[in-house]
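Engineer: Once you've had a glance at the structure underneath, I'll fire off some questions.
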Amino acid sequence: MTTETSISTQMVADQLQRALSSRVLIEQAKGVIAAQAGVDMHTAFNILRSYARAHQLKLSDVAERVSERELILTDLAPAPAD
């Protein structure tokens, strides 16, 4: 294996590991939101995604903050309709 191939293989492995870690964080955050709000996982994901979009943040960054309880459900919940 050449050095270039080895470096490329390691880069792909690192990218896959980051993607997996991100997915795990998102699943954990969905569970936290679902448990706190009494909603299903699909709704929990929509709450998470909406917050990330509204604040122009990466979904994985918001998920990490939720999982670490740095961001609480009331921060994520959409405002009630009038």
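Only the coordinates and a few stated rules stand behind these numbers; no lab work does. Note that the structure is a prediction, hence the values are computed from the model and not measured. Because the Cβ atoms are built from the backbone with ideal geometry, glycine has one as well, and the counts that use them run over all protein chains shown.
Engineer: With N residues in the chain, what two-decimal value do you get for its Cα radius of gyration over 2.2 N^0.38 Å?
Structural biologist: 1.41
Engineer: What ranking of 32, 24, 39, 66 emerges when the number of other C-beta atoms within 10 Å of each C-beta is taken as an exposure proxy, fewest first?
Structural biologist: 24, 39, 32, 66
Engineer: Taking the Cα centre as origin and putting +1 on Lys and Arg beta-carbons and -1 on Asp and Glu beta-carbons, what dipole magnitude results for the chain, to the nearest 20 debye?
Structural biologist: Charge dipole of the chain: 100 debye, to the nearest 20.
Engineer: Label points 7 Å out from Cα along the Cβ direction at residue 58 and residue 41: separation in nm?
Structural biologist: The answer from the label model is 2.3 nm.
Engineer: Turning to a different aspect of this structure: So how much slack lies between residue 50 and residue 72, counting 0.36 nm per residue of separation and subtracting their Cα-Cα distance, in nm?
Structural biologist: 6.5 nm
Engineer: Short version: ³J(HN,Hα) in whole Hz for each residue of region 26-31, in order, from phi by Karplus 6.51 cos²θ - 1.76 cosθ + 1.60 (θ = phi - 60°), x for Gly and Pro, what are they?
Structural biologist: Once rounded to whole Hz, the list reads 5, 5, 4, 5, 4, x.
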